[in-house]
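Trainee: Have a look at this one.
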Amino acid sequence: MNYRHAYHAGNFADVVKHAVLARLVEYLKRKDKAFRVIDTHAGIGLYDLGSEEAQKTGEWHDGIGRLVEARLPADVENLLAPYLDAVRASNPDGGIERYPGSPLIVRHLLRKQDRLSAIELHPADARTLAALFDGDFQTRVTELDGWLALGAHLPPKEKRGLVLVDPPFEKEGEFARLADGLKRAHRRWPGGMFALWYPIKDRKAVAAFRAALADAGIAKILDIAFEIRPPSPEPRFDGTGMVVVNPPYALEAELRVLMPVLGKILVQDGTARWSAEWLAGEAPAA
Ligand code: SAM
């Protein structure tokens with residue numbers, strides 16, 4: 001396991017992923033009943049943007065760095081408020097020196113009845129994450145292979161909630177693991193909401209992944225793609241994707257407000273584009 005999220009924390013892909021994640025959590029809060037968020041590849045939870053790793057790539061400057069400087073239309077500001085509140089909570093002195101990862105963003109948004117299970121396989125990262133949530137009875141940090149959690153941990157006892165699967169894509173076969181993981185998880189918990197992150201880099205692999213999901217016999221799969229530049233001839237990290245299974249009914253309308261503005265802020269070469277496509281609708285495709 002060589003992947004270190006510290007090099008990438010707060011980049012354009014994190015911004016899009018975390019903005020959507022926060023919308024999903026906000027939706028779950030519309031009912032009083034408790035829910036659980038399971039973050040299968042949680043990372044360390046809080047990133048120092050002044051660290052050697054963050055400075056080496058400087059990726060956050062073109063992600064959260066741009067977003068916090070941007071003037072946002074009121075409707076976009078409303079939609080981003082939960083996410084940006086979580087970012088601000090990690091920077092109590094103002095400015096932007098630290099960036100919260102997915103478990104800390106989710107934790108910031110939970111009510112007292114809700115729970116978070118944060119899973120991380122890298123032993124040192126799992127220890128850092130456990131220290132971050134030390135004494136927090138609403139959060140359970142487990143050092144575990146996140147793919148296993150898609151079996152044994154589902155469904156959670158709350159029977160409501162969201163599973164975020166955000167693997168590092170450092171090894172061959174990650175797309176296949178993601179599709180298989182979703183199938184297994186969905187069999188155990190068909191009513192759960194699932195959010196799967198993927199990079200838009202190897203376009204053939206992305207197309208095969210989308211085809212596999214469309215064929216999985218799972219209903220209600222929305223595929224969100226966000227690209228910061230036109231496709232490159234050689235595979236290059238041009239965009240970020242998020243597949244949401246059982247998405248909130250309001251999500252598509254929210255994306256139509258949010259994504260064009262995020263596109264303008266995060267674009268790198270030429271024009272940004274985004275799409276939200278149903279890979280499977282109400283009835284399962286297979
Ligand atoms: N979800 C985090 C966020 O949005 O802030 C970022 C996660 S990062 C992309 C992927 C993480 O998965 C890394 O911290 C890595 O150590 C961890 N990891 C790699 N393989 C894993 C596995 N099989 N199970 C759980 N975690 C794993």
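The values are calculated or read from the model by the stated rules, or taken from the named source; none is laboratory data. All values derive from a computational prediction rather than experimental measurement. In this analysis, Cβ positions are derived from the backbone assuming ideal geometry, glycine residues included, and neighbour counts consider all displayed protein chains. Just so you know, the surface numbers come from the protein's heavy atoms only, side chains and all, with ligands and any DNA or RNA stripped out. Shrake-Rupley method; radii C 1.70, N 1.55, O 1.52, S 1.80 Å.
Trainee: Does residue 248 fit the bill of being outside any loop (DSSP other than H, G, I, E, B), at negative phi and under 19 Å from the mean Cα position of the chain (by Cα)?
Mentor: So residue 248 does not fit the description; no.
Trainee: Oh, and also: Within segment 115-130, can one find any residue that is open to solvent by 10 Å² or more (accessible area, probe 1.4 Å), away from the ligand (no atom under 16 Å from the Cβ), of a type outside the set (D, E, K, R) and assigned to a loop (DSSP other than H, G, I, E, B)?
Mentor: No, segment 115-130 contains no residue that is open to solvent by 10 Å² or more (accessible area, probe 1.4 Å), away from the ligand (no atom under 16 Å from the Cβ), of a type outside the set (D, E, K, R) and assigned to a loop (DSSP other than H, G, I, E, B).
Trainee: Also, quick follow-up: Between a first residue in segment 73-85 that is farther than 9 Å from residue 257 by Cβ and a second residue that is open to solvent by 20 Å² or more (accessible area, probe 1.4 Å) and hydrophobic (A, V, I, L, M, F, W, C), which pairs have beta carbons less than 7 Å apart while being 6 or more apart in sequence or on different chains?
Mentor: Filtered contacts from segment 73-85: 80/72.
Trainee: Moving on to the next point. Determine if segment 255-270 includes at least one residue that is part of a helix (DSSP H, G or I) and in contact with a Pro (Cβ under 8 Å, 6 or more places away or on another chain).
Mentor: Yes, that holds for at least one residue.
For (1) in contact with a strand residue (DSSP E or B) (Cβ under 6 Å, 6 or more places away or on another chain); (2) open to solvent by 30 Å² or more (accessible area, probe 1.4 Å); (3) of a type in the set (A, V, I, L, M), each residue gets a yes or a no:
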| residue | (1), (2), (3) |
| --- | --- |
| 169 | yes, yes, no |
| 176 | no, yes, yes |
| 179 | no, no, yes |
| 202 | no, yes, no |
| 205 | no, no, yes |
| 219 | yes, no, yes |
| 225 | yes, no, yes |
| 232 | no, no, no |
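Trainee: Could you tell me which of the residues 154, 162, 150, 144 is closer than 28 Å to residue 1 by Cα, within 9 Å of the ligand (Cβ to nearest atom) and either open to solvent by 40 Å² or more (accessible area, probe 1.4 Å) or among the hydrophobic types (A, V, I, L, M, F, W, C) (or both)?
Mentor: 144
Trainee: Can you name every residue in segment 193-216 that is in contact with a Lys or Arg (Cβ under 8 Å, 6 or more places away or on another chain) and part of a loop (DSSP other than H, G, I, E, B)?
Mentor: Answer for segment 193-216, where residues must be in contact with a Lys or Arg (Cβ under 8 Å, 6 or more places away or on another chain) and part of a loop (DSSP other than H, G, I, E, B): 201, 216.
Trainee: Could you say whether any residue in segment 12-30 is crowded, with 23+ Cβ neighbours inside 10 Å, within 14 Å of the ligand (Cβ to nearest atom), more than 25 Å from residue 110 (Cβ to Cβ) and not charged (D, E, K, R)?
Mentor: Yes, segment 12-30 contains a residue that is crowded, with 23+ Cβ neighbours inside 10 Å, within 14 Å of the ligand (Cβ to nearest atom), more than 25 Å from residue 110 (Cβ to Cβ) and not charged (D, E, K, R).
Trainee: Does segment 34-41 contain any residue that is open to solvent by 10 Å² or more (accessible area, probe 1.4 Å) and within 7 Å of the ligand (Cβ to nearest atom)?
Mentor: Yes, segment 34-41 contains at least one residue that is open to solvent by 10 Å² or more (accessible area, probe 1.4 Å) and within 7 Å of the ligand (Cβ to nearest atom).
Trainee: Where residues in segment 56-108 are open to solvent by 60 Å² or more (accessible area, probe 1.4 Å) and not in a helix (DSSP H, G or I), which of them is nearest to the ligand (Cβ to nearest atom)?
Mentor: Looking at residues that are open to solvent by 60 Å² or more (accessible area, probe 1.4 Å) and not in a helix (DSSP H, G or I), I get 98.
Trainee: Check residue 135 against each of (1) within 27 Å of residue 66 (Cα to Cα); (2) more than 13 Å from the ligand (Cβ to nearest atom); (3) not charged (D, E, K, R) and name the one condition it does not meet.
Mentor: With (1) within 27 Å of residue 66 (Cα to Cα); (2) more than 13 Å from the ligand (Cβ to nearest atom); (3) not charged (D, E, K, R) applied to residue 135, the lone miss is (1).
Trainee: Another question about this same structure. Just to be sure I understand the filter: pairs with C-beta atoms under 8 Å, separated by 6 or more residues or on different chains, first member in segment 228-249 and over 22 Å from residue 265 (Cβ atoms), second member open to solvent by 60 Å² or more (accessible area, probe 1.4 Å) and outside any strand (DSSP E or B). Which pairs pass?
Mentor: 235/201; 235/202; 235/203; 245/220; 246/191; 246/220; 247/220; 248/27
Trainee: Limited to segment 165-174, what total is found for residues that are more than 12 Å from the ligand (Cβ to nearest atom) and either among the aliphatic types (A, V, I, L, M) or under 15 Å from residue 44 (Cα atoms) (or both)?
Mentor: Total satisfying the criteria: 0.
Trainee: Which one of 216, 207 is aliphatic (A, V, I, L, M), more than 16 Å from the ligand (Cβ to nearest atom) and touching a residue at least 12 places away in the same chain (Cβ under 8 Å)?
Mentor: It is 216.
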